[in-house]
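Notes for the one structure printed next.
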Amino acid sequence: MWIKYLGAAFILAAAVMWGNLQAAKLRDRTRELEEFRLALRLLAAEIGYTATPLPRALLEVSRRVANPGVQFFLETVWQQLQEPQTADASAAWLAAVQNVQRQLQLTAQDWAVVARAAAGLGGLGREDQLKQLAAAETQLAAQAAQAAAVYASNEKMWRYLGALSGLAVVILLL
Amino acid sequence: MKKRTWQEQILPLLPLPLREIMAALPPAVADSLEEIRLRVGQPFMLHSGQGEVWLGHSGPVVSLDEACRITAADLQEVLLQMTEFSLYARDEELKRGYLALPGGHRAGFTGRVVMEGNQVKVLRDLNAVNIRIARQFKGVAVPLLPHVYCAEQQRVRHTLIVSAPQAGKTTMLRDLARLLSNGDGQRRPGFKVGIVDERSELAGCFRGEPQLDVGMRSDVLDGCAKAEGMMMLVRSMSPQVIVTDELGRAEDARAVEEAVNTGASILATAHGQNAGELIRRPSLAYLLENGLFERVIVLSRRHGPGTVENIYTGQALQEWLRAGRECSVD
């Protein structure tokens, strides 16, 4: 009999964990989008105030953002810039989007917005570069607001769904 | 620390195919290389002590048909590499048509210029890049020292070095700055030298750090307009000698005059092959006719860059100027 209870406990725990995981993905997506926004603002500051060249600016910004996924993305762009076959910074940014997208919780739509920040990167004068980054940051802000709304409305639903589906399975099996 | 060769500094900036061609240059060409010329649709070309060299995919060629042709994409890649993929970081230099490179080398650019009022807004659609290899010839100015340094008064004379382009003015001026800054440790003391390096040619600064040896008592204002720079140095660094390249504008003349009045000595260069050419430029004429320069050193390329043709002083200088004035009136 105790084996049955132990099995039920395992099923319930797994279902709760699955529900929490889905909720965490929503939370992480929101945080990652906010961190990307912060990264673009910091990049704009590096460009606007000290005209730091892109490779150094990317490393500097990666040290100042907290999210490891966004740090990894910025370091990947930097790494791409060191490759001899890299033609320009836009290509490096887009290559990093390709390489990193499975490791973060962003949706395809979010990545499309992140990819838009590549347009003209490093190939514009200072003022135009700042305008372009500001435009990308505005789009990310809209995306982050939408992600936050989804998180607020769906977080509890996923947690309850996890626990309740676990309970349903247990009841059916018992 | 081992000094990096021009190959280590310049080749990573070139597109891979051009890099491979350059890496296989014959030593005689590589050792005397002066310029790498990249022009859209034209042969890959070098200027060295051996003269003009055309390059094909396997090295120097004699026929234009075999020469490797440069594309617009090559130039764009060179530009992005030189700016570390960050045009915004170097846009002020680009507006002036050049970039300073690590090692004191320089790249000049031509292309389509977009103007805003009287100012260059941006240089785009590049059609040519000229990479000039910086070489420092230490000691070339030693023969000039007795003319420039007055041992009795322990001061540097106000001196103008003149020549046509590429005759060694800047090389000579840089070496004079180094020699005067370091002193000889015995009878000639080291001077505090302030260098206004408007085009990053004298000290070859890269990210503010001089890449060429300009002496241990030299302070370098890099990328600063000459007139403003001279005044900044006087106000902040109390230089005994002010060194600057290519005087010519009216504000330069005013700044030189003011700097001289503060007690600093001036070492400068100007374009011109003879007195007539100098006199035709009002600001230089003003400085020379008022006797501000005690020495005028004329260089040429007759026996190679840096050949000293004449050193004018006192009465001889006045006569030379008079002859130039008459020549210029004719």
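The values are calculated or read from the model by the stated rules, or taken from the named source; none is laboratory data. Bear in mind the structure is a predicted one, so any value in this text is a computation, not a measurement. For neighbour counting, all protein chains shown are included, and Cβ atoms are generated from backbone atoms with ideal geometry for every residue, glycine included.
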Determine whether B:A177 is crowded, with 19+ Cβ neighbours inside 10 Å and without any contact (Cβ under 8 Å) to a residue 60 or more places away in the chain. no
Out of (1) at pLDDT 90 or above; (2) within 14 Å of chain B (Cβ to nearest Cβ), the one A:Q85 does not meet is (1)
Selection within the range A:122-140 - at the interface with chain B (Cβ under 8 Å from one of its Cβ atoms), buried (at least 21 other Cβ atoms within 10 Å of the Cβ) and of a type outside the set (G, A, S): A:Q129
Members of the range A:30-60 that are over 17 Å from the mean Cα position of the chain (by Cα) and among the β-branched types (V, I, T): A:I47, A:T50, A:T52
Subset of the range A:31-73 that is touching a residue at least 24 places away in the same chain (Cβ under 8 Å) and within 14 Å of another protein chain (Cβ to nearest Cβ) - its residue that is surrounded by the most Cβ atoms within 10 Å (Cβ to Cβ): A:L54
Given (1) outside any strand (DSSP E or B); (2) of a type outside the set (D, E); (3) away from chain A (no Cβ under 14 Å), number of the condition B:L38 does not satisfy: (1)
Taking B:F109 as meeting all but one of (1) more than 24 Å from A:R126 (Cβ to Cβ); (2) among the hydrophobic types (A, V, I, L, M, F, W, C); (3) away from every other protein chain (no Cβ under 14 Å), write down the number of the exception. (1)
For the range B:212-224, name all the residues that are modelled with pLDDT of 90 or more, in contact with a strand residue (DSSP E or B) (Cβ under 9 Å, 6 or more places away or on another chain) and in a loop (DSSP other than H, G, I, E, B). B:V214, B:G215, B:R217
Any hit, the range B:65-86, residues being without any contact (Cβ under 8 Å) to a residue 12 or more places away in the chain, at negative phi and in contact with a helix residue (DSSP H, G or I) (Cβ under 9 Å, 6 or more places away or on another chain): yes
Candidate set from the range B:108-145 (those that are assigned to a strand (DSSP E or B), within 30 Å of B:L176 (Cβ to Cβ) and not polar (S, T, N, Q)); member that is nearest to the chain's Cα centre (by Cα): B:R132
Identify, by number, the condition in (1) modelled with pLDDT of 95 or more; (2) away from every other protein chain (no Cβ under 13 Å) that A:A14 doesn't meet. (1)
Do we find that A:V100 is in a helix (DSSP H, G or I) and either within 14 Å of chain B (Cβ to nearest Cβ) or farther than 14 Å from A:L40 by Cβ (or both) in this structure? yes
Before we move on, is B:D125 touching a strand residue (DSSP E or B) at 6+ places or on another chain (Cβ under 9 Å), modelled with pLDDT under 90 and of a type in the set (D, E)? yes
Of (1) out of contact with any strand residue (DSSP E or B) (no Cβ under 7 Å at 6 or more places or on another chain); (2) within 14 Å of chain A (Cβ to nearest Cβ); (3) surrounded by fewer than 18 Cβ atoms within 10 Å (Cβ to Cβ), B:L80 satisfies all except one. Which? (3)
Determine whether B:S236 is free of Cβ contacts under 8 Å to residues at least 12 places away in the same chain and under 23 Å from B:S200 (Cβ atoms). yes
Do we find that A:W111 is away from every other protein chain (no Cβ under 14 Å), assigned to a helix (DSSP H, G or I), touching a helix residue (DSSP H, G or I) at 6+ places or on another chain (Cβ under 7 Å) and closer than 18 Å to A:F36 by Cα in this structure? yes
Consider B:R69 carefully, then state whether it is charged (D, E, K, R), surrounded by fewer than 15 Cβ atoms within 10 Å (Cβ to Cβ) and within 29 Å of A:A91 (Cβ to Cβ). yes
Of all residues in the range B:41-53 being at pLDDT 90 or above and surrounded by fewer than 18 Cβ atoms within 10 Å (Cβ to Cβ), which is farthest from B:A134 (Cα to Cα)? B:G41
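Per-residue answers, yes or no, for (1) more than 24 Å from B:A134 (Cα to Cα); (2) crowded, with 17+ Cβ neighbours inside 10 Å:
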residue: B:V243; (1), (2): no, yes
residue: B:E258; (1), (2): yes, no
residue: B:G263; (1), (2): yes, no
residue: B:T269; (1), (2): no, yes
residue: B:G304; (1), (2): no, no
residue: B:Y312; (1), (2): yes, yes
Filtered residues of the range B:150-184 (kept if in a loop (DSSP other than H, G, I, E, B) and of a type in the set (G, A, S)): B:A151, B:A164, B:A167, B:G168, B:G183
Evaluate the range B:41-64: report whether one residue or more is under 20 Å from A:A87 (Cβ atoms) and free of Cβ contacts under 8 Å to residues at least 12 places away in the same chain. no
